[in-house]
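Taking it in order: structure first as structure tokens, then the write-up.
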Amino acid sequence: ITALKREGVFELQKELVLGMFAQRIAVVSSANAAGYGDFCNQLECNEYGLHFDIELFQAVMQGEQVEQSIIAALNAINERIDDFDVVVIIRGGGATSDLSGFDTYDLAVNCAQFPLPIITGIGHERDDTVLDSVAHTKMKTPTAAAEFLIEHLREVAENLENVAAALVRSISERIREEKERLFRLTERIPIQVSKRLDRELFRQERLARRMLTSVKVRLEK
């Protein structure tokens, strides 16, 4: 950790911003790991009906091959960097002695300098690894990592709903003001022009309805 701080890479992940729509997830894990199954189930069965795209990049998560295996997976993700919003490295359970592979300098440097935010869920409540320390966000378990992503997207969706409601209110208020202005004008002009304004008002109402519908459909998409 001292070497990473001295080289100025220790905090690089913390400087990255997790995208609003972090839905395309590259997962580094073993396909047979219980933690990977827990992570996927948590995302797919979330109570808000939020959608996530998950792609697994298999890696060895215990033993002597951990470092090289995870670095290889990160390299594969990097080759398709535009396909993903976030990387999640997860491992469910296992002995504390198996965590040594997550404490290596080369793995930490690769993760610290990775261009996408990395979330870890190594699966140990009391033990922090060097990989946890350099990651963008450290969660204790794969399930907690999934919950973090769900909550992040839920907040984004809630904010968008509030913006949509405010926009609809603003448009409706503007339409009401324009109607009042037109009514005031009709009181001061000849009947022929008044009829023209009536037709214009009818056209304006149709456009307003179409505009509100279009705004709602666009925001929903």
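The values are calculated or read from the model by the stated rules, or taken from the named source; none is laboratory data. Quick caveat: nothing in here was measured; it's all calculated off a predicted structure. With ideal geometry, Cβ positions are generated from the backbone for all residues, glycine too; neighbour counts draw on all protein chains shown. In case anyone asks, the SASA skips ligands and DNA or RNA and just uses the protein heavy atoms, side chains included. Shrake-Rupley method; radii C 1.70, N 1.55, O 1.52, S 1.80 Å.
Assorted remarks:
- Scanning the stretch 1-31 for residues that are of a type in the set (S, T, N, Q) and under 22 Å from ASN75 (Cβ atoms) yields GLN13, SER29, SER30.
- When SER100 is tested against (1) assigned to a helix (DSSP H, G or I); (2) polar (S, T, N, Q); (3) within 25 Å of the chain's Cα centre (by Cα), only condition (3) is not met.
- Among the residues of the stretch 12-43, the ones that are charged (D, E, K, R) and touching a helix residue (DSSP H, G or I) at 6+ places or on another chain (Cβ under 8 Å) come to 2 in all.
- Residues in the stretch 69-104 that are touching a helix residue (DSSP H, G or I) at 6+ places or on another chain (Cβ under 9 Å), modelled with pLDDT of 95 or more and either open to solvent by 10 Å² or more (accessible area, probe 1.4 Å) or among the charged types (D, E, K, R) (or both): SER69, ILE71, ASN75, ASP83, PHE84.
- The set of residues in the stretch 14-39 that are under 20 Å from LYS140 (Cα atoms), touching a strand residue (DSSP E or B) at 6+ places or on another chain (Cβ under 6 Å) and not in a loop (DSSP other than H, G, I, E, B) comprises ILE25, ALA26, VAL27, VAL28, SER29, GLY35, TYR36, PHE39.
- Number of the exception - ARG184 against (1) modelled with pLDDT of 95 or more; (2) assigned to a helix (DSSP H, G or I); (3) more than 24 Å from CYS45 (Cα to Cα); (4) open to solvent by 60 Å² or more (accessible area, probe 1.4 Å): (1)
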